[in-house]
1. Can you tell me which residue within the stretch 81-138, out of those that are of a type in the set (K, R) and outside any helix (DSSP H, G or I), is farthest from N50 (Cα to Cα)?
2. Select, from L131, L104, L88, L150, the only residue that is crowded, with 22+ Cβ neighbours inside 10 Å and at pLDDT below 90.
3. Go through the stretch 175-192 and count every residue that is open to solvent by 50 Å² or more (accessible area, probe 1.4 Å) and either in a loop (DSSP other than H, G, I, E, B) or on the phi > 0 side of the Ramachandran plot (or both).
4. Take A367 and tell me if it is touching a Phe, Trp or Tyr at 6+ places or on another chain (Cβ under 6 Å) and under 24 Å from G333 (Cα atoms).
5. E199 - would you say it is modelled with pLDDT of 90 or more, in a helix (DSSP H, G or I) and either within 23 Å of the chain's Cα centre (by Cα) or surrounded by fewer than 16 Cβ atoms within 10 Å (Cβ to Cβ) (or both)?
6. Any residue in the stretch 450-468 that is open to solvent by 40 Å² or more (accessible area, probe 1.4 Å), part of a helix (DSSP H, G or I), at pLDDT 70 or above and of a type in the set (D, E)?
7. Quick check, is Q276 touching a helix residue (DSSP H, G or I) at 6+ places or on another chain (Cβ under 7 Å), in a helix (DSSP H, G or I), open to solvent by 50 Å² or more (accessible area, probe 1.4 Å) and not hydrophobic (A, V, I, L, M, F, W, C)?
8. If I filter the stretch 202-217 down to residues being buried (at least 20 other Cβ atoms within 10 Å of the Cβ) and not hydrophobic (A, V, I, L, M, F, W, C), which single residue comes out as farthest from L265 (Cα to Cα)?
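The values are calculated or read from the model by the stated rules, or taken from the named source; none is laboratory data. Predicted model, so just to flag it, every value in this text is computed and none were measured. Cβ sites come from the backbone with ideal geometry, for glycine too, and all protein chains shown count toward neighbours. Note: areas computed on protein heavy atoms with side chains; ligands, DNA, RNA excluded. Shrake-Rupley method; radii C 1.70, N 1.55, O 1.52, S 1.80 Å.
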Amino acid sequence: MPFRPSLPRRFPHDRKLKSFLSAVDSLAKSPSPSPAAGAVPAARTPAAYNALMSAYSRAGRPDEVVRLFDSLPFPPTAPLFTTLISSLAASGLHSSAREAFFKLLKSGLRLTASNYTVLFKSSPLDSVYKLLKIMIESRCAPDAAAYNCLISVLCDSQQVEEAWGVLDFMLERGIYPTVHSYTAIVRGYCNQGRVLKAERLVDNMTQFGCPPDVVSYSVLIDGLCRLGEFGKVEKILGESEAKGWTPNAVTYTIYMSALCRMGLLDEAFRQAEIMQSRGVSMTAETVNILFDCLCRDSRFSDALCLLECSKGLSWDVDVFCYNTLMSRLCDVGGFAKVLKLLVDLVKKGIGPDMFSFTIAIRSLCGAGKFQVAKCLLDNKGIEYDAVAFNTLIHGLCMAGNLKGVLLTYMDMEYRNVSPNDFTIALIIDSYCKEQKFVGAINFLLKYSKEHLVPDHFVRLTNWLAKAEGLGYVLILLRKIRSQGLVLDVCLFHSVVRIFCWQGYCKHRNFYEVSLILDSMLECLSSKRNSAGDVNV
């Protein structure tokens, strides 16, 4: 059946398309969040330059921030450095942010707490502690914003209890926590899956003198959405006016995105209507989510028509929308249509990114066209990551092409792309599917140069047990010992469970199982002796 757009015929009676087009229209009428590229301030003063740099920073344009900073007609000031570092850090350009900070240190300008704080956001925990020490030694007292950043970094590092300790320390120093302090801990609880604690903290924030704001509730809603607690989300949104806060575009975007992922597409569109009725401005993210909803609803003809009509709708389509449609088509086996969209991306000058090509590789693998997929991956002009290589490796593994898997892995190493755990798992599976158990053992041990990854060991042992390759299990254990690697008690228990699942407790060759268990006990004993621990 030909793939033809049908939007003009169906639009007048289609509620979802009306909601989408209404959102696009709202977005088009909203003022541009970013000044035009190449703009310069009317006045040649530090304040004017800082205002324009800040506007570019809010719009996510670090390139324009750097351009303005490099073209300053006067020596840079500390606030200008702060804006530059903040923009680079917020855009994920952490090394550039650190370079800018070191330039600030060398400039001889007097540093303020704000100069240090903006760097906290792009630094690992140990670096934050070092920066705090430098601040104190230079007699620059950390303020609430600096401690809030430390709390945030601690929560990101899963150290929520230590974050509470920082709150206590702030109070001892006469620095009162702010709503941002508690919101960071709410996010920490949500990231740990302890959403009930996050709910209680939000409920108690008013008692602490910091009533929760829209950011606090948005973070909590995000945590609830991850658990599918949509009823609680509806309750929170319904009580918002009574509790003195107003949901913003970010709040609705979080909720609508979760609804879309769960397949609750009608509800996602209903939230878009509520969003508009409350006068909340639409964002590009909102429109992208609604477009994803249409694609998940298998409205491919409508979605394609919307892309083709984007100029007439004043909709600035980016590569994300094409990737969304390509990904959904790939899920339903529309491989030829995926490649057509990839070509359209190039023709329209939008520019496909790494994700576009990764989706195309997945579609080609689904169609069994591995050689064409390999040609795409061989494009040296694209800096592919492990996901792209894993996509081809997975397709080859499913097709039982061990040689292709190993060649792709070798190419991955040659191009300095670090494999991840999924890569290793796929290669182990490829070896074992071809009954090449010695190859799987050697590959695992080659990868485990310094330490044994438990999941990989259990995966390979499971394959060997299913294939009744008990002799290979003994080979694996002996090689582990000869390489100086150790097994812990958890791995011992995992192997025992695997044997029980496979019925080896009543096996005719239980003697082999005994040898394996004895060998594992020897590995545990060697670990105990090396650690001086008598309670293994």
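1. K121
2. Checking each option against the conditions leaves just L150.
3. Going through the stretch 175-192 one residue at a time, the tally reaches 2.
4. Working: touching a Phe, Trp or Tyr at 6+ places or on another chain (Cβ under 6 Å): yes; under 24 Å from G333 (Cα atoms): yes.
Here the answer is yes, as A367 does meet what is asked.
5. Details: modelled with pLDDT of 90 or more: yes; in a helix (DSSP H, G or I): yes; either within 23 Å of the chain's Cα centre (by Cα) or surrounded by fewer than 16 Cβ atoms within 10 Å (Cβ to Cβ) (or both): no.
No.
6. yes
7. In short, yes.
8. Within the stretch 202-217, the match that is farthest from L265 (Cα to Cα) is P212.
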